[in-house]
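Read through the structure below, which is laid out as structure tokens, and then see the notes.
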Amino acid sequence: MPITSWKVGAGNTAYAMPSTLDPRLIADLRAMRRVVVFTGAGMSAESGIPTFRDRLSGLWAHTDPMEIATPWAFRADPQRVWDWHVLLAGAVCTAAPNAGHAAIAALEQAGLEVTVITQNIDDLHRRAGSREVIELHGNLLRLTSFVDEEAAFAAASPTICRVCDGYAVWEHCDPWAERGDLAAIGLRAGPVPRCPGCGALLRPDVVWFGEPLAVDAIEAAWNAVDRCEALIAVGASLEVEPAASLPWRALARGARVIEVNPAPTALAAECHAAIRGAAAEVLPELFARIWPTRC
Ligand SMILES: [Zn+2]
């Protein structure tokens, strides 16, 4: 691992370790209270979680996620897509948050205003104790209805299902169903369940390939980035827009930006400090150095 000194300016891709960060940067960061931690697949990799883009093992070893985690695949064969997600959820549920997740949660509990913006769907930030979490790609363990909007609007009386918030056909809705009935249904082996309110097939509430991010999630992320004084990008490849531009937006707004990543990205050359390393190792040390009285 290359360990060199503090970066001195834009265009310099030298890497620092927490122990070699410029004292002036440390002093600046120590005074800051509004922090965004932006995390990608590298954050969860150390918890042993396959990313949404990894192939699963066993029966599914030859299945390309980009072919099965799509709305088209679900429309063609909902049970097959459901079964694939059940296996992925099994890997997620047996994994535990790592020391990096814990360090982020501890910052929030110590009184800093921390917003986590994550591309991960594994719920590990919440399980570690973080409360302000914006999930850009959704949450594997939460379900939503699969809405065939064309069919709903082609019907005589389309409405919004008050259980799943999806477009529904009024005649099909159960007036007695409650939102809690949906929350009680989990991602587990068996037939694909249906919304108790409108009868629509249920699916994991994640952003599949070919689907746009949820507008409210990306707007919440922009708002958090615009308000933050410091942004720490952790294990994000920064290849997928619009999420990839969040650190650049923070830089343009004058925030201090630090990258923690085992692999170099374009951000390393432009941010205030780039640390090459794994989140579980770097974050506890980094936070203890910046906010020693809080870690
Ligand atoms: Zn519904």
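Evaluate the following for VAL207: is it among the hydrophobic types (A, V, I, L, M, F, W, C) and within 30 Å of SER245 (Cα to Cα)? Walk me through it before giving the result.
Values: among the hydrophobic types (A, V, I, L, M, F, W, C): yes; within 30 Å of SER245 (Cα to Cα): yes.
So VAL207 passes the test.
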Starting from the range 273-295, take each residue that is without any contact (Cβ under 8 Å) to a residue 24 or more places away in the chain and outside the structural domain of ASN261 (by TED's automatic domain parsing) and list its partners that are part of a helix (DSSP H, G or I) and surrounded by 24 or more Cβ atoms within 10 Å (Cβ to Cβ), counting only C-beta distances under 7 angstrom and pairs at least six apart or across chains. none
Going through THR159, THR144 one at a time, which residue ends up being farther than 21 Å from PHE74 by Cα, surrounded by 15 or more Cβ atoms within 10 Å (Cβ to Cβ) and within 16 Å of the ligand (Cβ to nearest atom)? THR159
Sole miss for SER237 among (1) more than 21 Å from ASP123 (Cα to Cα); (2) within 17 Å of the chain's Cα centre (by Cα); (3) part of a loop (DSSP other than H, G, I, E, B) is condition (1)
Exactly one of ALA189, ALA99, ALA151, ALA105 is within 16 Å of the ligand (Cβ to nearest atom) and small (Gly, Ala, Ser), and that one is ALA151
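Pick from the range 170-199 the residues that are more than 32 Å from the chain's Cα centre (by Cα) and surrounded by 16 or more Cβ atoms within 10 Å (Cβ to Cβ): which of them is modelled with the lowest pLDDT? Let's see the steps before the verdict.
Residues of the range 170-199 more than 32 Å from the chain's Cα centre (by Cα): 170-176.
Subset that is surrounded by 16 or more Cβ atoms within 10 Å (Cβ to Cβ): 172-173.
Working: HIS172: 79, CYS173: 83.
Among them, the one singled out is HIS172.
Here is a yes/no grid of residues against (1) at pLDDT 95 or above; (2) open to solvent by 20 Å² or more (accessible area, probe 1.4 Å):
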| site | (1), (2) |
| --- | --- |
| MET66 | no, yes |
| ALA69 | no, no |
| PRO78 | yes, yes |
| HIS85 | no, no |
| ALA89 | no, no |
| ALA102 | yes, yes |
Contact list please: Cβ distance under 7 Å, first residue in the range 161-184 and of a type in the set (Phe, Trp, Tyr), second residue part of a loop (DSSP other than H, G, I, E, B), pairs at least six apart or on different chains. TYR167/VAL147; TRP170/SER157
Among the numbered criteria (1) open to solvent by less than 40 Å² (accessible area, probe 1.4 Å); (2) under 30 Å from ARG75 (Cα atoms); (3) not in a loop (DSSP other than H, G, I, E, B), which one does GLU219 miss? (1)
Consider VAL225 carefully, then state whether it is outside any loop (DSSP other than H, G, I, E, B) and within 19 Å of the chain's Cα centre (by Cα). yes
For the range 19-35, give me the residue count where each residue is touching a strand residue (DSSP E or B) at 6+ places or on another chain (Cβ under 7 Å) and either at positive phi or part of a helix (DSSP H, G or I) (or both). 3
Of the residues LEU246, LEU231, which is part of a strand (DSSP E or B), more than 16 Å from the ligand (Cβ to nearest atom) and either in contact with a strand residue (DSSP E or B) (Cβ under 9 Å, 6 or more places away or on another chain) or within 30 Å of PRO284 (Cβ to Cβ) (or both)? LEU231
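The values are calculated or read from the model by the stated rules, or taken from the named source; none is laboratory data. Predicted model, so just to flag it, every value in this text is computed and none were measured. Don't worry about glycine lacking a Cβ; one is built from the backbone with ideal geometry, like all the others, and counts go over all protein chains shown. Areas reflect the complete protein model, heavy atoms only, side chains present, ligands, DNA and RNA absent. Shrake-Rupley method; radii C 1.70, N 1.55, O 1.52, S 1.80 Å.
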